[in-house]
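The values are calculated or read from the model by the stated rules, or taken from the named source; none is laboratory data. Fair warning: this is a prediction, and the values are worked out from it, not measured in the lab. Heads up, the Cβs are rebuilt from the backbone with ideal geometry, glycines too, and the neighbour counts pull from every protein chain shown. Note: accessible area is taken over every heavy atom of the protein model, side chains too, but ligands, DNA and RNA are not part of it. Shrake-Rupley method; radii C 1.70, N 1.55, O 1.52, S 1.80 Å.
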Amino acid sequence: MSTRPKNFADRSEIWRYDMVKHNSKRLITSPVDISALAWSDDGRAILFSSRPGTADALAAITVEGRSGYHYDARFWPSSSDRPFVPSDIPLENFAIDPNDGSSVGLPSGSEDFLDPSSSWPKGTVAFSASAEPTSNAVSYTSGNLYREKPQLKARVAGRTYTCQQTSCSNVQGLWWSPDGRTLWYERRTGVADNATEFYAWKPGRAAPRLLLSTEDAIFGCKLVQVELVCAHEGSTSPRSIVAISLRDGTRRSVFEPNPEFALLALGTVKRLEWTNSFGISTFGDLVLPPNRKDNQRLPLVVVQYDSRGFLRGGTADEYPIQVLATHGFAVLSFNRPPWYASTLAVNGQEAYMRANTKGWMDRRSNLSSLDTIIRKLVDEGVVDPDRVAITGQSDGASTATYALASSTLFSAAILSTCCESDSMLAFGGEGLANFYVRGGYPASRYSGQAFWREGTLEGATTARPVPLLIQASSAEFRLGLTTYSELRSRGWPVEMFVYPDEGHVKIHPAHRYAIYRRNVEWLTQNMKQ
């Protein structure tokens, strides 16, 4: 049997699917979100976590509204005129019978299944324990630097072994062999962590042995005997399930949900790596049309901001990479470089944010990376420098707007979210404003006028006008209204579409189809002339 939660605007449900009888059954309906779901160790109960106090908090907000809401950090004005419930409502664990959904006693150790990290030592990134003999391993950070790479140590038969080799850094997953003598682990490495490696290590007996190194995306691994069963994506291969041998690292297919995809004619993909003017390296994937003619300069579309795994549509999946390639575009799937502050010795999240924000240093680094690779592609005769478009959602949209405000590199742009401006903190509410101010943003729109002029489209009055399409959600479009109005008043060819009942990432199928279509048609109209 398998289980899954279904989430709706006013409720959540837990459903059970019988893999033998091939039927589904709804077990319970909850008035609040299901936060976690798991099977008990013996398979006799379904475990779940939720915050029952949310229902009372919502009712209290309704009562408060009769005499007027007190405006405070609970508000997200761009999304709602009603305050949100606080985030500190306690999380509670429950258990139900998988046959009929009736409540049963909570088995001991349930929290380890619902939230394994709850019992991990502070600073732990990954943890694994073996019963025979008692062995444990931990990938951990010292806490001296913010976002430092974790290190690996293991304890076997009462002795602790710290692995000092480079191959033991940045470990993200750990699994013990049944006899507790061999530790298998997964780590990230390469330029901007663009590669995944798997190792076998016998602490105190032998150095780590490489089993597999790949630039494919492999994640969600579970140990099954002497194999890891994982999700797998390649740049031209949608998600599938594979098993990795922990003897020699070979892979075999377990489940291929899209076998027909291999029959499609796809654009060619080339992995690129480069270093920007700040000395920060990153990578991207250049996708060219299937039938590109030699020496033909192409219009380029930049899709952001994570290029690991299957090249579908960028972060939030709004820019169909292979579809754009078949329409005659070169597409650069751009992986944002590591944050600028990662090159500094910074301790604490707020100091890290301030280092990135001061002088727009992180956005400058991103723009430098884009400028470096685009000029290289122009010099190689691949790209037409007069037809380069940038797209972006969330962090990618911030990079795009900074690039439009600070350079003439791009001749068109599409934004999935919009836009940083001096009114953003007011529309975002007190909670968001306080967070950004602690991270280095000006506390006042007037005291920070130089800051906003340098890095935002609204403030950059001398920025070159280019065609701009904004595809915004109903929850966030208000954040872009001052920028939209200002650009229209300056004569920019800008238009905006708002998708109802959508949040930061748009999820409704009809909207996603409309976004795909409009983006491709708009780029064809504005970039193929």
TODO: Measure off 7 Å from each Cα along the Cα-to-Cβ vector at R26 and V498, then give the distance between these two points in nanometres to one decimal.
DONE: 3.2
Open item on the list: What are the extents of the Cα atoms of the range 243-366 along their three principal axes, in Å, largest first?
Closed with: 50, 47, 25
Task: Part-to-part distance (alpha-carbon centres) for the range 19-64 and the range 265-284, which is given in Å - done: 43
Open item on the list: Rounded to the nearest 20 debye, what is the charge dipole size of the chain about its Cα centre when +1 sits on each Lys and Arg Cβ and -1 on each Asp and Glu Cβ?
Closed with: 960
- [ ] Report the calculated FRET efficiency for V323 and D115 (r = Cβ-Cβ distance, R0 = 35 Å), to the nearest 0.05.
- [x] 0.30
Task: the range 306-409, accessible area per residue, ligands and nucleic acids excluded (1.4 Å, Å²) - done: 33
Task: Potential lengthening between T189 and T461 on full extension [0.36 nm per residue; Cα-Cα distance subtracted] - done: 93.7 nm
TODO: Beta carbons within 10 angstrom, averaged per residue: use that to sort the peptides 467-475, 271-279, 397-405, highest first.
DONE: 397-405, 467-475, 271-279
- [ ] Give the percent of DSSP beta bridges with both residues in the chain that are antiparallel, rounded to the nearest 5.
- [x] 80
Task: 1.4 Å probe accessible area per residue over the range 440-511, in Å² - done: 49
Task: ³J(HN,Hα) computed for each position of the range 166-178 - Karplus, 6.51 cos²θ - 1.76 cosθ + 1.60, integer Hz, glycine/proline x - done: 4, 5, 9, 8, 6, 6, 10, x, 9, 8, 8, 5, x
Open item on the list: List the pairs from K293/K528; K25/K506; K122/K149; K6/K506 whose alpha-carbon separation is above 22 Å, in the order I gave them.
Closed with: K25/K506
TODO: Whole number in Å², please: accessible area per residue of the range 1-139, 1.4 Å probe, ligands, DNA and RNA not counted.
DONE: 60
Open item on the list: Could you tell me which residue out of V125, G204, N170 lies farthest along the dipole of the range 123-260 toward its positive end? Charges go on the beta carbon: Lys and Arg +1, Asp and Glu -1, centred on the Cα centre.
Closed with: G204
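Counting only protein heavy atoms and using a 1.4 Å probe, what share of the accessible area of the range 247-308 belongs to carbon plus sulfur, as a whole percent? Before the final figure, lay out the partial values.
On the way: 1790 of 3700 Å².
Reported share for carbon and sulfur atoms: 48 percent.
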Open item on the list: Report the Cα-based extents of the range 138-219 along its three principal axes, largest first, to the nearest Å.
Closed with: 36, 31, 19
- [ ] Give me the percent of the accessible area of the range 53-118 that comes from carbon and sulfur atoms, probe 1.4 Å, all protein chains in place.
- [x] 54
Task: By average C-beta atoms within 10 angstrom, highest first, the peptides 446-455, 337-346, 316-325 - done: 316-325, 337-346, 446-455
TODO: Express in whole angstrom the spacing between the alpha-carbon centres of the range 486-529 and the range 396-450.
DONE: 20
TODO: Give the carbon-plus-sulfur fraction of the accessible surface of the range 440-529 in %, rounded to a whole number; probe 1.4 Å, heavy atoms of protein chains only.
DONE: 55
Open item on the list: How many angstrom lie between the Cα centre of the range 76-154 and the Cα centre of the range 321-357?
Closed with: 28
Open item on the list: Sorting check: for 143-150, 414-421, which peptide has the highest mean count of neighbouring beta carbons within 10 Å, and how do the rest follow?
Closed with: 414-421, 143-150
TODO: For S447 and R159, calculate 0.36 nm times their separation in residues minus their Cα-Cα distance, and state this gained length in nm to one decimal.
DONE: 97.9 nm
TODO: Before rounding to the nearest 500, sum -39500 (n - 2.57) across all DSSP H runs of length at least 4 in the chain and divide by the residue total; then give [θ] at 222 nm in deg cm²/dmol.
DONE: -6500 deg cm²/dmol
- [ ] Tabulate in residue order the Karplus-calculated ³J(HN,Hα) for the range 205-217, using 6.51 cos²θ - 1.76 cosθ + 1.60 with θ = phi - 60°, rounded to whole Hz; enter x for Gly and Pro.
- [x] 10, 7, 5, x, 10, 5, 9, 7, 10, 8, 8, 5, 8
